[in-house]
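We did not get these values from a lab; they are worked out from the coordinates using the rules stated. The model shown is predicted, which means the values in this text are computed figures rather than measured ones. Virtual Cβ from ideal backbone geometry, glycine too; neighbours counted across all protein chains shown.
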Amino acid sequence: MKGTVLHSPGDVRFETVDDPTIVAPTDAVIRIAATCVCGSDLWPYRGLQPIEGPTRMGHEYCGYVEEVGKSVTSIKPGQFVVGSFATSDNTCPHCNYGYQSSCTQREFISMAQSPVLRVPLADGTLVPTREVPSKESIPSLLTTSDVLGTGWFAADAANVKPGATVVVVGDGAVGLLGVMSAKHMGAERIIAMSRHEPRQKLAREFGATDIVTERGDDGVARILDMTDGVGADSVLECVGMQESMLQAIRATRRGGHVSFVGVPHGVALDGQELFFSHVHLHGGPAPVRRYLPDLIQLVLDGEIDPGKVFDLVLPLEQVAEGYRAMDERRAIKALLQP
Ligand SMILES: [Zn+2]
Ligand SMILES: [Zn+2]
């Protein structure tokens, strides 16, 4: 088959790769219904994260089970499944505490931008739907695999409660779905920090009540201004840069919560500032598996429509254009159809 391979910064190819097969008895092989390009794929694409030679890409996926290994019990051929970007046995202590993305057997999925995918630890990683879902629901189901799961974790880790004032730093797909998640959790005021008009519009559609275009110290000053000088209850940091992290901490009220879900690149925090900020910090790779059953149900019940973040749909073989469009910020998120 053909799959997506990053050869060097800016050089994504859809080329012949090995066909996935069952390797371990706990594996499943699934036919991909839809996959997509992630903001985190852009780090190596832009040369900001080194790669060692040609690298298979893609970690957001849903699809139909084709084959399972001998010891797989709960996943069966023919089922429609969604899985996290991090595999998990769902039985170790970290999994039991709800941190499946720190599973002692964790592997990161990295070959999902292809028509067929091998998923290790199928029983613990994959969540099947009761019935094969409609074609229309597939984009939204795909988001639960990472981008919605991560936005949801951002809101949960920032302790979003009914009535809360929430700030979302970052207007990528995760930030936008962080807005949606905060809205669903009952936030009263949701301030999205964004400078891009199409993203501001989507943020409002997802529940943002205010938009702040300023960044850095000016952005912090605006938030303090809007909250009587106090700061927000919950701030979701969905970027992973020094400026955005400081912006998040400084926009939070004393005793408030900051979540951080963007993979940090060059973030260093000053102990003194952290000490006197009086904030709770909680972040990391989102334990998407914890939320998958609930998020899948919310999508199937029509409670949420997170698939709206896909503003570009391409045939999988045009994956390189998906990367280009996202890199140039012509697209928020590109969905790829095998
Ligand atoms: Zn992702
Ligand atoms: Zn585990």
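Here is how the numbers come out for the structure above:
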{"quantity": "Residue exposure sequence - 314, 335 - by fewest surrounding Cβ within 10 Å", "calculated": "314, 335"}
{"quantity": "Counting DSSP beta bridges with both ends in the chain, the antiparallel % (nearest 5)", "calculated": "55 percent"}
{"quantity": "Within-14-Å neighbourhood charge of residue 110 [Cβ basis; K, R +1; D, E -1]", "calculated": "-3"}
{"quantity": "Under-5 Å amide H pairs with residue 172, H placed in peptide plane, nonlocal only", "calculated": "none"}
{"quantity": "Calculated [θ] (222 nm, deg cm²/dmol) that DSSP helices of n ≥ 4 give over the chain, each run adding -39,500 (n - 2.57)", "calculated": "-8000 deg cm²/dmol"}
{"quantity": "Those GluC sites (Glu not before Pro) in segment 19-82 that DSSP places in a loop and that have at most 15 other beta carbons within 10 Å", "calculated": "52"}
{"quantity": "Pairwise label distance in nanometres, residue 328 with residue 64, each label 7 Å out on the Cα-Cβ vector", "calculated": "3.5 nm"}
{"quantity": "Segment 98-199: trypsin sites (Lys or Arg not before Pro) falling in loop per DSSP and having at most 10 other Cβ within 10 Å", "calculated": "130"}
{"quantity": "Net charge of Cβ neighbours under 15 Å - reference residue 220; Lys, Arg +1; Asp, Glu -1", "calculated": "-4"}
{"quantity": "All-pairs alpha carbon distance profile, the chain, 10 Å steps from 0, percent", "calculated": "6, 27, 34, 24, 9, 1, 0"}
{"quantity": "Cα centroid separation - segment 182-208 against segment 280-338, whole Å", "calculated": "17 Å"}
{"quantity": "Of 208, 260, 221, farthest towards positive along the dipole that unit charges on Lys, Arg, Asp, Glu beta carbons give segment 151-283", "calculated": "208"}
{"quantity": "Interchain or long-range residues, amide H under 5 Å from residue 75's placed H", "calculated": "none"}
{"quantity": "Student exercise, segment 151-283 dipole from Lys, Arg, Asp, Glu Cβ charges, in Debye to nearest 20", "calculated": "280 debye"}
